[in-house]
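Derivation of every value follows stated rules applied to the coordinates shown; laboratory data play no part. Remember, predicted model here, so these are calculated numbers, not experimental data. Here Cβ is always computed from backbone atoms with ideal geometry, including for glycine, and neighbour counts include all displayed protein chains.
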Amino acid sequence: VATMKKTVQRLRIGRPNRRRTRRPPTFSLALWNQYDATLEDLPKTNNSVEGWHRAFSSLLGASHPTIWRLIDVIKKEQGLTEIKINQLIAGQEQVAKKKKYTKTTTRIKKIVNSYHERNINEYLIGIAHNLQI
């Protein structure tokens, strides 16, 4: 627990210094805080980007493709993207999230929406109950 506390202090909130203030954290609050992202239903990970990269790499079929192969794959990707855009415009549903993730996201959003009605310990415990490591 002590190691975890030191890590959180160093990376997330900044370690106390001799003057009883805190040094700037390694990662700013704006970078890691998910409060606004949760309220606005924004993605909390870059998994979709990683998925796209994996699919694009698969289309390339090589670690170091020729420039001509790269151009062909970019054209193919552009065509696929235009199809997806037209499907969204036509009202087709996007790929649904798994039910367990949707339920967890809904519960977390409910807790975040009630942030100002809870004490900090209740809030953190509620969030912690919905996180999986």
For segment 1-59, enumerate the residues that are part of a helix (DSSP H, G or I), under 20 Å from the mean Cα position of the chain (by Cα) and surrounded by fewer than 11 Cβ atoms within 10 Å (Cβ to Cβ).
30, 31, 35, 36, 47, 48, 49, 50, 51, 54
Name the single residue, out of those in segment 19-41 being without any contact (Cβ under 8 Å) to a residue 12 or more places away in the chain and among the polar types (S, T, N, Q), that is farthest from residue 111 (Cα to Cα).
21
Could you please give the count of residues in segment 96-130 that are under 20 Å from residue 41 (Cβ atoms), in a loop (DSSP other than H, G, I, E, B), free of Cβ contacts under 8 Å to residues at least 12 places away in the same chain and not basic (Lys, Arg)?
2
I need a count of the residues in segment 60-85 that are surrounded by 12 or more Cβ atoms within 10 Å (Cβ to Cβ) and of a type in the set (Asp, Glu).
2
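For segment 100-113, check the following and say yes or no: at least one residue is closer than 30 Å to residue 4 by Cα, of a type in the set (A, V, I, L, M, F, W, C) and over 17 Å from the mean Cα position of the chain (by Cα).
First, pick out the residues of segment 100-113 that are closer than 30 Å to residue 4 by Cα: 100-113.
Then drop every residue that is not of a type in the set (A, V, I, L, M, F, W, C), which leaves 108, 111-112.
Filter once more, keeping what is over 17 Å from the mean Cα position of the chain (by Cα): 111.
Yes, that holds for at least one residue.
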Is it true that some residue in segment 65-82 is free of Cβ contacts under 8 Å to residues at least 40 places away in the same chain, within 22 Å of residue 34 (Cβ to Cβ), part of a loop (DSSP other than H, G, I, E, B) and not basic (Lys, Arg)?
no
Would you say residue 55 is small (Gly, Ala, Ser) and closer than 20 Å to residue 127 by Cβ?
no
